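Some notes on the structure that comes next.
Derivation of every value follows stated rules applied to the coordinates shown; laboratory data play no part. Values in this document were obtained by computation on a predicted structure and should not be read as measured data. Because the Cβ atoms are built from the backbone with ideal geometry, glycine has one as well, and the counts that use them run over all protein chains shown.
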Amino acid sequence: MSPEELAPLLDHLERSGADRDQAARVVEEVIAYFSESAEQFVRRRHRELQREGLVNARSFPIIAAELARRRVAGPNLSERQIRRLIYG
């Protein structure tokens, strides 16, 4: 989104007591988070779950469930499709 498109939201956040620069950084981070493609989301979550020590058999169903609940839901992916997105 352009700065002009974000201005009304930033104005609102500033009126709510937020520092404008900090609000702008948070809004940009949220937009980037929700702009991830399904493939980017799957890969990122897989890395995060691996760092937590989860094995693929446990992480793939979690990723599939989270993908379905995203604001703009991604496609329903099988464990095999998730594996192929991660490992090619």
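Arranged by the count of other C-beta atoms within 10 angstrom, fewest first, what order do 27, 55, 42 take?
The most exposed by this proxy come first: 55, 27, 42.
Can you tell me how much longer the chain between residue 54 and residue 26 gets when fully stretched, taken as 0.36 nm per residue apart minus their C-alpha distance, in nm with one decimal?
Result for the pair: 7.2 nm of gain on full extension.
For the chain, what is the convex hull volume of the alpha-carbon atoms per residue, in Å³?
120
Calculated from DSSP H runs of 4 or more alone, at -39500 (n - 2.57) each and per residue, what is the 222 nm mean residue ellipticity of the chain, nearest 500?
-23500 deg cm²/dmol
Tally Lys and Arg at +1 and Asp and Glu at -1 over the other residues with C-beta under 10 Å from the C-beta of residue 41: what net charge comes out?
+1
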